[in-house]
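Student: Encoded as structure tokens, here's the structure I'll be asking about.
The values are calculated or read from the model by the stated rules, or taken from the named source; none is laboratory data. As the structure is a prediction and not an experimental result, all values here were calculated from the model. In this analysis, Cβ positions are derived from the backbone assuming ideal geometry, glycine residues included, and neighbour counts consider all displayed protein chains. Areas reflect the complete protein model, heavy atoms only, side chains present, ligands, DNA and RNA absent. Shrake-Rupley method; radii C 1.70, N 1.55, O 1.52, S 1.80 Å.
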Amino acid sequence: MGRVTTTDRRTALRAGAGLVAGGALAAGCATTGSTAPAPPAAPASGPTSAAKVTPPPAPAPRAFPHQPAQITHGPRDRPRIALTFHGQGDPEIATALLAEAEKHGAHVTVLAVGTWLDTHPGMARRILDGGHDLGNHTQRHIAVNTLSEADALAEITGCADRLKRLTGSIGTWFRPSRAPAASPLVQRLAHRVGYPHVLSYDVDSLDFTEPGAPAVTRKVLAEVRNGSVVSMHFGYADTVAALPAVLQELDRRGLRAVTTTELLS
């Protein structure tokens, strides 16, 4: 059998979502026998519309005094790990991934790209409402370590400003784009913007190379251990497909998937 492409998986995900939505709509419209018209609603005695509830601001960045300025992993003496995701790509795939994590009682860390938030602003609140960490992965996801000081600062502040506008916070973490670690300059700039730490990782799933879900699963499980910070990505159907097996095996090993904030707390 030929290899199923990422596009095929995305089409399948969308088709499945459409079937569920269509079934729900049909069920909502079905009737049994004739139905009398609903009586007119009674006039409201109070305001014509309920006051809109404003969600509380998202958590701000925290300093962890016993952690370095650039964090690659958490404490090795506790059975916890952090799954972290570069936030961009198809929002349907991102939503499916978050739902899969939540089904298993896991919380993750999402480092969002500013342009992705511009296109899909509702994803910021969706991530936070699921109990996950939300952070900054630069505005345009370009090689931030190679930029001039002014341009690198613009990349960091651009995404921070969008997070602030959407959530009330610049996000709990900053991760450089197109690099596993920040250069000394980018590290200083991130600190200037308000991030006490830069978040790196010690396990790279390589899911962005699209090796297939089994390969993603093997790579993560071969390297993960107490305190690990795992790098993964939104936007790849392989990652969604790999996540159940990853979480099931972590649970079997007694490793709990938590936000990076919880990992370090």
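Student: In 5 Å bins starting at 0, how do the alpha-carbon pair distances of the range 142-265 split up by percent?
Tutor: 2, 10, 17, 18, 18, 15, 12, 6, 1, 0
Student: Another question, then. Got a number for carbon plus sulfur as a percent of the range 199-265's accessible area, 1.4 Å probe?
Tutor: On the way: 1230 of 2440 Å².
About 50 percent, which is the carbon plus sulfur part of the accessible surface.
Student: Follow-up. Taking amide hydrogens as modeled 1.01 Å from N in the peptide plane, which residues meet the under 5 Å criterion relative to Leu134, leaving out close sequence neighbours?
Tutor: Counting only residues 5 or more places away or on other chains, the set is Val110, Thr172.
Student: With a point put 7 Å past each Cα toward its Cβ, work out how far Leu185 is from Arg165 in nm, to one decimal.
Tutor: Distance between label points: 2.7 nm.
Student: Given H placed 1.01 Å from N in the peptide plane, which residues other than close sequence neighbours of Gln70 have an amide H under 5 Å from its amide H?
Tutor: Val198
Student: With only alpha-carbon pairs counted, each pair once and no self-pairs, how large is the Kirkwood hydrodynamic radius of the range 96-175 in angstroms?
Tutor: Its Kirkwood hydrodynamic radius stands at 12.9 Å.
Student: What distance in nm separates the simple spin-label points at Arg252 and Thr209, each placed 7 Å from Cα in the Cβ direction?
Tutor: Using points 7 Å along Cα→Cβ, the separation is 2.4 nm.
Student: Give the calculated FRET efficiency between Ala99 and Arg140 to the nearest 0.05, with a Förster radius of 35 Å applied to their Cβ-Cβ distance.
Tutor: According to the calculation, E is roughly 0.80.
Student: Whole-Hz ³J(HN,Hα) for each residue in the range 253-262, computed from phi via Karplus 6.51 cos²θ - 1.76 cosθ + 1.60 with θ = phi - 60°, x for glycine and proline: what do you get?
Tutor: 7, x, 9, 9, 8, 10, 5, 4, 4, 5
Student: So who's got an amide H within less than 5 Å of the one on Gly235, skipping anything under 5 residues away but keeping other chains? H placed 1.01 Å off N, in plane.
Tutor: Asp90, Ala94
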